[in-house]
2 protein chains.
Amino acid sequence: MSLKVPFKQVDVFTNKPFKGNPVAVVSCLDISEDEITTEQLQNIAIWTNISETTFLFKPKDPSHDYKLRIFAPTNELPFAGHPTVGSCKAFMEFTGAKKSKIYQECGVGVVELSIKDDEVISFEANQTIVEDFNKEHARSFENVLGVQTITEPKLLNVGPKWLVYLVDNSDIAYNTDPNYGNLASLCKENNYTGIILGGKKVNKENEYEIRAFAGGVNVDEDPVCGSGALSFIRYLNEVYKYSSTTPIKITQGGRVNRDGRIEALIKINAEGQPSYHVGGQAVTVVDGHIIL
Amino acid sequence: MSLKVPFKQVDVFTNKPFKGNPVAVVSCLDISEDEITTEQLQNIAIWTNISETTFLFKPKDPSHDYKLRIFAPTNELPFAGHPTVGSCKAFMEFTGAKKSKIYQECGVGVVELSIKDDEVISFEANQTIVEDFNKEHARSFENVLGVQTITEPKLLNVGPKWLVYLVDNSDIAYNTDPNYGNLASLCKENNYTGIILGGKKVNKENEYEIRAFAGGVNVDEDPVCGSGALSFIRYLNEVYKYSSTTPIKITQGGRVNRDGRIEALIKINAEGQPSYHVGGQAVTVVDGHIIL
């Protein structure tokens, strides 16, 4: 028997259709999770062929808003950035909910989302692990990028594992043309998702252009990447050790004809402890139903 | 200003959702082609990220049913098989048309489609050019396939360019595991779309399993391929020189978890001249609107 449920394809980190990063969102809010198998969910994600397809289910804990299952065409993911923002947007449209806080159950636990002015949706990071990696190793990645870093690169594990490189300015980041074949091989050998490359905009405070080269998962360039932006701001705090709450504006995707805008925040609490927040706008581009 | 128009994502060569080959179909039947640029159409096809996105426009000649523009994420195509079948299905649903013949304007001219029992949609090939290619050359492709052909392979130019290899039986075709990296390199060097490999089912008359390895366009395996099936039946007629009209049943996609069924026909007219027809069922999986 086939089920017909609400479906949206939402463009994330933009308010202009086709300028952000899409996620397909299937509403299973009115069916039980028992009615659909993991294999079916995976097959739907293979079929849509976009980087992530998500499924909204009723939450296990009724004080939360929904449970989200996130699938890449290759496998289920515990968490992903732009799919979380896009799925929250879709949830609010599906249900008519108007809230400033949304609690999402997913593979990394409960993710808290904040909605500002009914428009900007931000998530707080559950996990940002910073790891060193050896200089020789860093050098081989720098060679495939063809640009020089200005600080010591680090490995960021935020679910996906990104190597973060900071270059002198945003023009260098924008104009970088890596050797994609070698980059993919190196990432796969090391089990990394890819490389985040960022540079500060000249004469702008806390504004950066970033690129996300995701060769480890067979994507030359991710147009606008939430987990990449999260890794990048976590890295910035490792380098600059901000003493007060600092908003960071990030642009991404210009080289692949997108115009992504990410509003990130390094929040320092009264005890001086940081938390990391990544958000942006989202716009529903395809709206209708899907047959399961 | 943004336009909102009808949208469907149709699964082709199956009647079961997620078991065929998807195409995204945008109805521009109620807008003028001047209202949208080629660049916009291309950007939409990049964003959907499926193998083809099509746009239905009003026909230039009112005796035809529609004009179809077909885009892969990389470029506009003059013709494509499964997108033609899926777009015809969508056209009939969008307009409520119930006809046994549909005339599609596209880059290769006017394509005639036949609809049987309101279900099976077939197109007649406009172009099937058979070319020899040298034995040494054929051998290097056979090496990347890792299987032996039972007849001399040919190059089929049906818009896309497919090398067609016939193996002893359908099990060999089903179980073939090519070296995808080498296959892609060889196809790109020679400007071929890829390889169609087919084998006859044991104890079945005119029933075949085929595979479509599309390394030339960065696709390891096309799940269910209209132009591939067309190339394959054109090749069969080159080998077997059918003297009367012969239906050919083709299955495809089992190795990538699909269950594609293609109904092909080599039609021999009163003068003994063949024409080539490829068709199948299609099912609308996503149905709604898209913002342009």
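The values are calculated or read from the model by the stated rules, or taken from the named source; none is laboratory data. Quantities reported herein were computed from a predicted structural model and do not represent experimental measurements. Glycine also receives a Cβ, built like all others from the backbone with ideal geometry; neighbour counts cover every protein chain displayed. These accessible areas exclude ligands, DNA and RNA; they are computed on the full protein's heavy atoms, side chains included. Shrake-Rupley method; radii C 1.70, N 1.55, O 1.52, S 1.80 Å.
Centre-to-centre separation between the Cα atoms of the stretch B:98-174 and those of the stretch B:258-283: 11 Å.
Solvent exposure of B:Cys187, expressed as accessible area, is near 0 Å², computed with a probe of 1.4 Å over the protein chains only.
Reported to the nearest whole Å, the Cα centre-to-centre distance from the stretch B:217-246 to the stretch A:1-53 is 34.
With the solvent-accessible surface defined on protein heavy atoms using a 1.4 Å probe, which residues belonging to the stretch A:27-58 display a reduction of at least 40 Å² in accessible area in the multichain context relative to the isolated chain? Those are A:Asn43, A:Trp47, A:Asn49, which lose 40 Å² or more relative to the chain on its own. Once both labels are positioned 7 Å from their Cα atoms along Cα-to-Cβ, the gap between B:Glu112 and A:Val256 label points is 4.4 nm. Ranking B:Thr128, A:Gly228, A:Phe79 by Cα position along the charge dipole of the protein assembly as shown, where only Lys, Arg, Asp and Glu carry charges on their C-beta atoms, puts A:Phe79 farthest toward the positive end. Starting from the label point of B:Asp177 at 7 Å along Cα→Cβ, the same points in the other copies fall at 3.7 nm, in ascending order.
Can you compute the charge dipole magnitude of the stretch A:129-278 about its Cα centre, using +1 on each Lys and Arg Cβ and -1 on each Asp and Glu Cβ, nothing else charged? Give it in debye, rounded to the nearest 20.
Details: 16 positive and 19 negative charges, 47 e Å.
Here the size comes out at about 220 debye.
Taken about its Cα centre, chain B carries a charge dipole of about 400 debye when Lys and Arg each add +1 at the Cβ and Asp and Glu each add -1 at the Cβ. Taking each of A:Lys161/A:Lys188; A:Lys89/A:Lys116; A:Lys101/A:Lys161; A:Lys19/A:Lys154; B:Lys16/B:Lys267 in turn, the alpha-carbon distance tops 18 angstrom for A:Lys101/A:Lys161; A:Lys19/A:Lys154; B:Lys16/B:Lys267. Apolar share of the accessible surface for chain A: 46 percent from carbon plus sulfur atoms, 1.4 Å probe. For chain B, the longest principal axis of the alpha carbon atoms and the long axis of helix B:135-145 meet at an angle near 70°. Chain B and chain A together bury an accessible surface of about 2200 square angstrom, both sides counted, with a 1.4 Å probe and no ligands or nucleic acids included. The residue of chain B whose Cβ sits closest to the rotation axis that maps B onto A, together with that distance in whole Å, is B:Gly288, 1. With all protein chains kept in place, the per residue accessible area of the stretch B:51-111 amounts to 38 square angstrom at a probe of 1.4 angstrom. Give me the percent relative contact order of the stretch B:129-258, please, defined on Cα pairs under 8 angstrom at least 6 residues apart. Reported as a whole number, the value is 22 percent. Using a cutoff of 8 angstrom between alpha carbon atoms and counting only pairs six or more residues apart, the relative contact order for the stretch B:101-141 works out to 25 percent. Computed FRET efficiency, Cβ-Cβ of A:Phe133 and A:Asn175, R0 22 Å: what is it to the nearest 0.05? About 0.30, to the nearest 0.05. In nanometres and ascending order, the distances from the B:Glu271 label point to those of the other copies are 8.8 (point 7 Å from Cα along Cα→Cβ).
So for the stretch B:188-292, taking the charge dipole from beta-carbon charges (+1 Lys/Arg, -1 Asp/Glu), which of B:Asn203, B:Val256, B:Ser275 sits furthest toward the positive end? Result: B:Asn203. Averaged per residue, the stretch A:117-253 has 43 square angstrom of accessible surface, using a 1.4 angstrom probe with ligands and nucleic acids left out.
Here the stretch A:11-53 is assigned +1 on the Cβ of each Lys and Arg and -1 on the Cβ of each Asp and Glu. Its dipole about the Cα centre then comes out at about 460 debye. Of the residues B:Thr246, B:Phe213, B:Ser185, the one whose Cα sits farthest toward the positive end of the charge dipole of the stretch B:129-258, with +1 on the Cβ of Lys and Arg and -1 on the Cβ of Asp and Glu, is B:Thr246.
Between copies, B:Glu33 shows label-point distances of 5.0 nm, shortest first, with the point placed 7 angstrom from Cα along Cα to C-beta.
Helix B:38-48 axis versus longest C-alpha principal axis of chain B: approximately 70°, rounded to the nearest ten.
Rg over Rh for chain B works out to 0.97, using Cα positions for both radii and the Kirkwood form for Rh. Taking the C-alpha atoms only, the angle from helix A:180-190 to the longest principal axis of chain A is near 80 degrees.
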